[in-house]
Amino acid sequence: MSDELSVPNPSQQVSVLVVDDADVIRRTLRDFLKGEPAIKVLGEASNFAEAISMTGALKPDVILLDLHMPDDHSFNPEFVKASLSGARVLAMSLSGDYASKEDIRLLAENFGAARTLDKAKLCDELIPAILQSGN
């Protein structure tokens, strides 16, 4: 995958669905992304079930997907991956949520994530990751 950034004009915004069980994280991400004219937040989901439903209805370009949510054991990763297909998935996690970075990477790959972002570093990594070529 290329590291080049897309620079879409406002009529070609990258559409994003934010998926996180923590309301404060969803609000913070929405407010942070609001300042980027090349990105449009289409909606927010608080669990996998909502994410699957909203992905089908909204057809986002990118899904910011928290890997650790209350219903994560209710869904087979392959089912989630198939249900979110068509969008580029960027997984989000706190390093402390899992035993190792390798565990996080493997789980993210199982869910179809193109990249994994550490929530502690989102301010620096999020917008470039969303705008990265290959949407």
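The values are calculated or read from the model by the stated rules, or taken from the named source; none is laboratory data. Note that the coordinates shown come from a computational prediction; the quantities given were computed from them, not determined experimentally. No Cβ is skipped: glycine too gets one built from the backbone with ideal geometry, and neighbour counts run over all protein chains shown.
For the stretch 60-77, taking the residues that are modelled with pLDDT of 90 or more and of a type outside the set (Asp, Glu), the one that is nearest to GLU125 (Cα to Cα) is identified as LEU64. Selection of first residues in the stretch 17-37 that are touching a residue at least 60 places away in the same chain (Cβ under 8 Å) and within 20 Å of THR55 (Cβ to Cβ) and of second residues that are in a strand (DSSP E or B) and basic (Lys, Arg), restricted to Cβ pairs under 9 Å at least 6 apart or on distinct chains, gives the following pairs, ordered by first then second residue: LEU33/LYS40. Taking the stretch 1-54 as the range and being of a type in the set (Asp, Glu) and at pLDDT 90 or above as the test, the residues that pass are ASP20, ASP21, ASP23, ASP31, GLU36, GLU44, GLU50. The lone criterion from (1) buried (at least 18 other Cβ atoms within 10 Å of the Cβ); (2) modelled with pLDDT of 90 or more; (3) aliphatic (A, V, I, L, M) left unmet by ALA57 is number (1).
Checking the stated criteria, ILE130 turns out to be more than 14 Å from ALA51 (Cβ to Cβ), assigned to a helix (DSSP H, G or I) and modelled with pLDDT of 85 or more. For the condition at pLDDT 95 or above and β-branched (Val, Ile, Thr), VAL80 does not qualify. Here the stretch 97-117 is the region considered, the condition is being surrounded by 15 or more Cβ atoms within 10 Å (Cβ to Cβ) and of a type in the set (S, T, N, Q), and the residue that is modelled with the lowest pLDDT is ASN110. Is it the case, given these coordinates, that SER53 is in a loop (DSSP other than H, G, I, E, B) and of a type in the set (S, T, N, Q)? Considered against the rule, which asks whether it is in a loop (DSSP other than H, G, I, E, B) and of a type in the set (S, T, N, Q), SER53 comes out as no.
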